[in-house]
Amino acid sequence: MKEDRREGFGSSFGVLVAMAGSAVGLGNLWRFPYLVGQNGGAAFIIIYLVFVVLFCMPIMFSEFIIGRRGMANVTRSFSNLAPHSGWWIVGALGVLTAFLILSFYSVVGGWSIRYLVNALQFKFNQNGMDGFGATFNSFITNRTQPVFYHLLFILATGTVVVLGVKKGIEKFSKLMMPLLFVLVLLIAIRSLTMSGSGEGIRYMFRPDFSKVNSQTIIAALGQSFFSLSLGMGTVITYASYVSKEENIIKCSTLTAVSDTIFAIIAGCAIMPAVFAFGLSPQEGPGLVFVTLPYIFANMPLGGVVAILFFLSLFLAALTSAISLLEVIISFATEELHINRKLAVYGSIVVISLSGALCSYSLSEGTRLIIGGKPLFDFLDATTSNYLMTVGGILIVLFTGWKLGKRAVFDELTNQGKLGIPRWLLEVVLFTMRFIAPAAVAAIIIF
Ligand code: TRP
């Protein structure tokens with residue numbers, strides 16, 4: 001059978017860095033800090049952490065189990081585990097979601113390349129905030145420039161994916177993730193040593209629950225799914241390349257912990273500097289592309305920090321885009337029997353077009369408006385608020401009820417070889433069956 005010759009990850013470290021590479025992305029460096037800024041700082045962080053533990057962990061275990069046991073791309077993993085049923089549709093939904101996310105995600109990835117290029121030319125030298133806001137705005141609403149950078153970004157993504165799981169994804173992640181960690185840490189240290197940074201730290205770690213409302217809850221839920229790459233099959237796809245010896249609970253937990261650490265460090269890299277300059281943390285999506293360049297232009301050593309920062313943003317986005325593309329490629333190679341090269345090139349063409357549409361939708365006088373929002377924002381909102389959360393519910397329900405107790409325990413303990421305490425297994429199963437699906441459904445509905 002073809003499945004026997006499937007490629008796989010070479011080592012536990014490789015699995016961890018690839019999984020963490022998928023999780024750590026624009027979600028951590030770009031979205032998390034601005035959501036923290038807009039939603040009351042520490043209060044948001046606490047709610048976010050609760051969601052990660054209660055809802056995201058069970059879903060991550062479930063995806064891991066489906067992928068490693070199903071041993072195939074995201075649709076076939078479902079049909080291998082539940083033949084002659086309609087569950088493969090959840091997988092197909094995942095492939096579609098991956099495509100939709102990649103379309104807008106790689107546009108932002110393109111912005112990070114553009115800002116990295118600016119940083120390398122020490123271009124951040126206007127002095128007013130307004131100047132930076134105007135520059136950013138005129139760049140993203142331009143009809144051609146962002147499309148060009150988007151194309152570069154998707155080409156970079158394809159270049160790694162075409163090399164395969166071990167020689168491409170694993171090797172690249174092993175080099176880049178440690179580098180990314182060091183870079184983000186350096187920036188945080190610089191930011192924390194600025195005078196006046198204390199206020200930013202207080203903002204991040206002293207909860208103010210008066211700012212919490214239903215919007216905060218939705219934002220925290222969407223962000224936790226998005227940041228951990230859940231609900232659409234990235235983890236299923238990667239897990240299908242993982243050996244039967246790997247400890248699922250340990251690996252998933254380490255992935256979630258690294259993702260959270262990256263998010264918090266990114267917050268510590270950004271918030272203290274924002275407060276040190278007496279700026280508003282509530283800038284929203286422009287925080288990283290407007291507020292930060294202003295700070296870089298005005299702080300000692302800012303030119304160098306700018307290079308480190310936009311390089312980090314680019315690398316983080318790249319390793320995540322790689323995982324999204326792999327969902328599509330494993331599907332195309334195994335289900336449509338297209339070879340890897342052709343699948344990658346074909347996807348690059350399609351995503352260049354869909355991404356260009358997302359980018360155009362931000363330009364002046366565009367007609368690409370859906371439900372009152374530019375296509376770009378529409379895709380961002382629909383994927384995190386609906387597709388991924390609904391996908392997540394279906395995935396835990398599948399694992400908890402359809403696969404059932406026996407299979408779940410077998411996978412989590414590697415057929416009893418890992419001495420995992422019974423109570424822990426029961427708790428995990430209980431959250432999979434009841435807590436995660438019910439709570440996530442309740443939040444979507446209300
Ligand atoms: N987790 C990534 C980030 O935080 C984005 C990402 C990669 C993603 N793969 C995903 C989001 C799958 C949802 C689903 O930037």
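Please treat every number below as a calculation from the coordinates, not as lab data. Just so you know, these numbers come straight off a predicted model, no measurement behind them. Methodologically, a virtual Cβ is constructed for each residue, glycine included, from the backbone with ideal geometry; neighbour enumeration extends over all protein chains shown.
A few points about this structure:
- Estimated dipole of the chain in Debye, rounded to 20 [Cβ of Lys and Arg +1, of Asp and Glu -1, Cα centre]: 600
- Cubic angstrom per residue, convex hull over Cα atoms of segment 323-443: 156
- Across segment 36-90, the relative contact order, built from alpha-carbon pairs under 8 Å that are at least six residues apart, equals 18 percent.
- Note that segment 351-363 has calculated 3J(HN,Hα) couplings of 6, 4, 6, 5, x, 4, 4, 4, 5, 4, 5, 8, 7 Hz, one per residue in order, obtained from phi through the Karplus relation 6.51 cos²θ - 1.76 cosθ + 1.60 (θ = phi - 60°); glycine and proline are x.
- Extension gain (nm, one decimal) between residue 243 and residue 211, 0.36 nm per residue minus Cα-Cα: 7.0 nm
- Contact order for the chain, expressed relative to its length and based on alpha carbon pairs under 8 Å spaced 6+ residues apart, stands at 35 percent.
- Distance between modelled label sites at residue 434 and residue 138, nm, 7 Å Cα→Cβ extension: 6.0
- Between segment 92-125 and segment 1-52, the alpha-carbon centres lie 17 Å apart.
- Between residue 96 and residue 367, the simple label model (points 7 Å from Cα in the Cβ direction) yields a spacing of 2.5 nm.
- Secondary-structure-derived ellipticity at 222 nm for the chain, considering helices only, amounts to -22000 deg cm²/dmol, per-run term -39500 (n - 2.57) for DSSP H runs with n ≥ 4.
- Segment 7-46: Cα Rg divided by the 2.2 N^0.38 Å rule of thumb: 1.66
- Going from the residue with the fewest nearby Cβ atoms within 10 Å to the one with the most, 296, 409 rank 409, 296.
- Normalised alpha carbon radius of gyration of segment 238-309 [divisor 2.2 N^0.38 Å]: 1.59
- Given R0 = 41 Å, the distance between the Cβ atoms of residue 345 and residue 446 translates into a calculated FRET efficiency of 0.40.
- Centroid-to-centroid separation of segment 144-180 and segment 322-398 [C-alpha atoms, Å]: 17
- Candidates 418, 308, 100: whichever shows maximal mean-square fluctuation once the chain is modelled as a Gaussian network with Cα springs under 10 Å: 418
- Neighbour-limited loop hits for trypsin sites (Lys or Arg not before Pro), segment 339-446 (at most 13 other Cβ within 10 Å; DSSP other than H, G, I, E, B): 367, 417
- The tail of the calculated P(r) for the chain beyond 29 Å holds 44 percent of all Cα-Cα pairs.
- Ordered from longest to shortest, the equivalent ellipsoid semi-axes for segment 373-446 are 32, 13, 9 Å, each the square root of 5 times a Cα gyration tensor eigenvalue.
- Tail beyond 26 Å, pair distance distribution of segment 148-278 (Cα, percent): 42
- Largest mean-square fluctuation among 70, 404, 372, in a Gaussian network model of the chain whose springs join Cα atoms under 10 Å apart, belongs to 372.
- Potential extension, residue 121-residue 7 segment - 0.36 nm per residue separation minus Cα distance: 36.9 nm
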